[in-house]
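Since the structure comes first, as structure tokens, the remarks are kept for the end.
Computed from the coordinates by the stated procedures, all read-outs in this text should not be read as laboratory data. These numbers were taken from a predicted model, which means no experiment stands behind them. Glycine also receives a Cβ, built like all others from the backbone with ideal geometry; neighbour counts cover every protein chain displayed.
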Amino acid sequence: MSVTTLGLWGLGQVTTWGGGGSSVSQRAVLWLFVIGAALLVLFVVGVLIVKQYRRCPSNRILVIYGRVGTDRAAKCMHGGGAFVIPLIQDYAYLSLEPMAIDVPLTGALSQNNIRVSAPSTFTVAISTDPVLMNNAAERLLPMDAGQIRELAQDIILGQLRLVIATLTIEEINRDREKFMQLINENVEKEVHKIGLELINVNIRDIHDESGYIEAIGKRAAAEAINRAKVEVAQQQREGATGEAVAVREMEVKVAAERAMAAEGQKNAEQRQRIALAALEAQAVTGEVESRRNQEIALSQRQAETVAAQKQFEQEQRVKVAEAEATANVGENQSRERVALSNAQLAEVQAETRRRSEVAQAKSQEAVLVAQREQELARLAKEQLAPQEIERKRIEIAAAAEAEKLRLEAMGQADAVLARYTAEAEGIRKVLDAKAQGYQRLIEACAGSPDVAPTLLLIEKLPELVREQVKAVSNLRIDKITVWDGGQGTGPGGAGKGSTAGFLSSLIGSLPPVHELAEQAGVELPGFLGQVKRSGKSAGTKQDGG
């Protein structure tokens, strides 16, 4: 017997006995080969499945493209996993991380043609909505983060300019909620086309080139300050009014409590008097009942004696008398109780009526006091307040008018002072010029000192003649008629007629020029005549020209 042992792939040993061992070994080898091939195929399929199965993390979108179905360019998944068929399909990832995009918007034209600058920051990311994921897969898959940011910036910048063009400066500055709503609507609708969604909008600043928004802010601040001042004044007024009302209510309540205390004291005294009267009435009632009982007992004893004496005859009448006496006693007691109860009821009713009247009177008094205070407040509001406002207005107007008059007076005083200062300066300059001229005149006449006064007098001679003319300028001598008999009249009039005397006296009344010159120590030139004197009396004769 031969034994043959075969080892194949380390799987075991096959031992054959006898002559049929060759066929058995061939079948064993064939089975081993089939098993090995199956194991190899399973291993390759397992490795392929492991390699081509792709899982999608939470911060990414898995995009499978290729043959993914009819009418579809790509299959997008967020989370989970999928098997990518080799050679037919491929895959890529889109990041869901937010992107902050700075939009330096400057010079955007608003509705009222004012240039506005609104630098802002927009935060966007790829959306997980199925439709938007497909849009992102179709338009953003080959782009990196920088290219996506630039594309989104261009879209947002255009939509911002469009939104600002539909609003005025006042709407942008005043209604920020509407401004942000329009930005969200327009920008979000446009970025949805490329698969993005708008997460946040931050407008860092809004200003214009002309300073209009700043002016609006200053005006709003001034209005707010004025409103705050008015509200402070109103609160102070309401505080003072409330304090006055509280003091008034306190005084009314204190008076009411004092009145109630006095009323309570009077009620206590009244109840005390009622209790004393009730006790006295009970005592008197007890005494009366005791006396009545004593009399009844005596009557009963006498009746018993009579009954004992008469026994059978008077027994019936005694019982009748006892019954009548008992009935009378009951009636008297009932009447007494009824009278006492009526008296107490009348007292209680009278006290209740009195207290009701007192309370009603106090209530009416409080109502009248409140009406009086209300009427005083109304009068103070309707009459005193307008008068006070008018008085304040008049005071302010008077103060303004006084300030205006003071400023006008100061202005006029300054003008007068300036005018007089200018005149004084002119006079000073004229006097300085004259002084210089006189000095030069004296220096020129240094060899003949008498010439300088003569020249000065000649300079003033037109003024002297003008003054002489003024002396007779108002005399109306258009026509003079003189009746002259040829005889001299008056002392010193010998040899002169009336007409000559009249003219001589008229000329003599004028200031003599030679005398003025003589008083000034100046000798007039010869063509003005000369003055001759004889003896003690001086006569004036004017010769020449």
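State the three equivalent ellipsoid semi-axes of the range 222-417, derived from the C-alpha gyration tensor as the square roots of 5 times its eigenvalues, in descending order and whole Å.
The answer is 93, 13, 13 Å, longest axis first.
Could you give the Stokes-Einstein D for the range 170-261 in µm² per second, using the C-alpha Kirkwood radius, 4 °C, 1.567 mPa s?
It comes out at roughly 68 µm²/s.
For Glu425 and Val41, calculate 0.36 nm times their separation in residues minus their Cα-Cα distance, and state this gained length in nm to one decimal.
Net length gain for the segment: 125.4 nm.
Using just the alpha carbons, could you tell me how many Å³ per residue the convex hull of the range 60-210 encloses?
Per residue, the Cα convex hull of the range 60-210 comes to 103 Å³.
So for each of 273-282, 187-196 I average, over its residues, the number of other beta carbons within 10 Å; can you give me the resulting order with the highest mean first?
Descending packing order for the listed peptides: 187-196, 273-282.
Counting only other residues whose beta carbon sits under 13 Å from that of Glu351, what net charge do I get with K and R as +1, D and E as -1?
So the environment of Glu351 carries a net charge of +2.
Under the 0.36 nm per residue contour assumption, what length would be gained going from the current alpha-carbon distance of Ser334 and Arg204 to full extension?
Once the chain is fully extended between Ser334 and Arg204, it gains 36.6 nm.
Convert 10 °C to kelvin, take the viscosity as 1.306 mPa s, use the Kirkwood radius over C-alpha pairs of the range 351-408 as Rh, and evaluate the Stokes-Einstein diffusion coefficient in µm²/s, rounded to a whole number.
Here the translational diffusion coefficient equals 104 µm²/s.
Can you tell me how much longer the chain between Val230 and Lys218 gets when fully stretched, taken as 0.36 nm per residue apart minus their C-alpha distance, in nm with one decimal?
Full extension from Val230 to Lys218 adds 2.5 nm.
What Kirkwood hydrodynamic radius, in Å, does the range 303-440 give when the mean of 1/r is taken over all pairs of distinct Cα atoms and then inverted?
In the range 303-440 this quantity evaluates to 27.7 Å.
For the pairs Lys51/Lys193; Lys178/Lys229; Lys253/Lys362; Lys429/Lys460, flag any whose C-alpha to C-alpha distance is greater than 23 Å.
Among Lys51/Lys193; Lys178/Lys229; Lys253/Lys362; Lys429/Lys460, the Cα-Cα distance tops 23 Å for Lys51/Lys193; Lys178/Lys229.
Sequence neighbours fewer than 8 away in the same chain don't count; with that in mind, list the aspartates and glutamates whose C-alpha is under 16 Å from Lys404.
Straight-distance partners of Lys404: Glu395, Asp414.
Over the alpha-carbon set of the range 215-328, divide Rg by the Kirkwood Rh and report the Rg/Rh ratio to two decimals.
1.84
Using 7 Å Cα-to-Cβ label points, what is the Ala145/Lys460 separation (nm, one decimal)?
10.9
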